[in-house]
Amino acid sequence: MDIKAILMGLAFALMWSGAFTSARIIVADAPPLFSLSLRFLLSGILAILVAKAMGQSWSLTRHQWRATWVFGVCQNALYLGLNFVAMQWVEASLAAIIASLMPLMVALVGWLVFKERMRMIGIVGLVAGILGVVMIMGSRINGGVDVTGLVLCLIAALALTFATLSVKGAASGGNVMMIVGLQMLIGSGCLFVVAAATETWSVILSPSWIAAFAYTTLVSGVLATWVWFELVGRVGAVKASTFHFLNPVFGVAIAAILLGESVGTIDYIGVVIIAGGILAVQMSKQKPSQ
């Protein structure tokens with residue numbers, strides 16, 4: 001992995017982790033699904049305009065279209081939709097920690113369902129990562145965390161897992177920025193239908209809300225997704241996913257700094273265990289010669 005890929009991975013992890021804090025700010029002053037639908041609409045249009053300026057086309061292959069639809073529905077509509085709703089009741093740091101389960105869940109599915117071979121370091125990392133999450137969730141439940149929000153975050157992590165399994169098909173064949181825009185419009189449309197039936201649009205346009213909405217639209221929306229697709233195309237899904245070990249660390253740190261969320265000793269220990277588990281799992285997927 002070269003220096004550019006490492007910098008791309010670090011940038012993605014930082015931008016993606018900050019999305020939980022911005023989401024927490026957004027849902028405090030506006031309905032979650034309408035906000036997210038609007039965010040995807042603006043991000044999608046912007047990404048498509050950039051893609052057209054780059055000479056890209058929406059004439060995708062059948063495989064690309066299928067993967068783009070799956071990614072748009074599972075990551076944008078289900079994963080982020082459920083997380084935005086849950087963020088009304090759970091802290092951004094907890095949502096970031098649960099979302100970090102994704103690479104562990106991908107490895108678990110591969111091992112148990114698809115019978116993929118896993119080295120001992122991967123098995124140890126998988127067990128350690130899950131135990132770290134259980135530690136933190138147990139502590140938060142005892143501390144009175146909203147169980148409904150917790151369950152929504154767990155379901156969202158499952159949806160993100162399925163979306164990740166489809167990203168390889170979406171990233172191949174070029175037109176990366178166009179795919180980024182199209183999968184966002186798909187998510188926007190799905191969320192708008194649900195929002196129209198369940199929510200009433202109302203927003204308090206505070207400076208913090210405007211800043212958070214701009215961040216989630218431009219940075220975690222367009223830029224982070226584009227960097228992720230480019231990183232997967234550059235080094236492959238396995239190596240790119242290694243950077244997910246930073247997400248619980250960055251997610252908790254950003255929420256603590258910007259939102260003042262309290263982080264206990266068990267949280268610190270659990271985050272370190274989770275990060276180490278994710279790194280071990282991803283390292284186990286690498287060939288010994290790499």
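Read the figures in this text as sums done on the coordinates, not as results from a lab. Since we're looking at a predicted model, the values are computed, not measured. Glycine gets a Cβ as well: all are built from the backbone with ideal geometry, and neighbour counts include every protein chain shown.
The table for this structure:
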quantity	calculated
Pairwise label distance in nanometres, L205 with V134, each label 7 Å out on the Cα-Cβ vector	5.0 nm
J(HN,Hα) series, region 146-162, from Karplus relation 6.51 cos²θ - 1.76 cosθ + 1.60, nearest Hz, glycine and proline x	5, 5, 4, x, 5, 5, 4, 5, 5, 5, 4, 5, 5, 5, 5, 4, 5
Computed FRET value (nearest 0.05) for L10 with L258, which takes r as the C-beta separation and R₀ as 22 Å	0.70
Square roots of 5 times each gyration tensor eigenvalue, C-alpha, region 47-169, largest first, Å	30, 22, 11
Most mobile listed residue (V222, V109, V249) in the chain, GNM with C-alpha springs under 10 Å	V109
Count of Lys pairs (Cα-Cα under 28 Å; at least 8 positions apart or interchain) in the chain	15
Nearest-0.05 FRET efficiency for I269 and I121, computed from C-beta distance (R0 22 Å)	0.60
Translational diffusion coefficient (Stokes-Einstein; Kirkwood radius from C-alpha pairs) of the chain at 20 °C, 1.002 mPa s, in µm²/s	112 µm²/s
The chain: relative contact order in percent, alpha carbon pairs under 8 Å with at least 6 residues between	41 percent
Descending semi-axes in Å of region 19-74, equivalent ellipsoid built from Cα gyration tensor	28, 15, 8
Point-charge dipole on Cβ atoms (K/R +1, D/E -1) for region 3-284, about Cα centre, debye to 20	940 debye
Computed E for I45/T198 - FRET, C-beta separation, R0 25 angstrom, nearest 0.05	0.55
Cα Rg, Dmax, region 196-290, angstrom units	17.8, 56
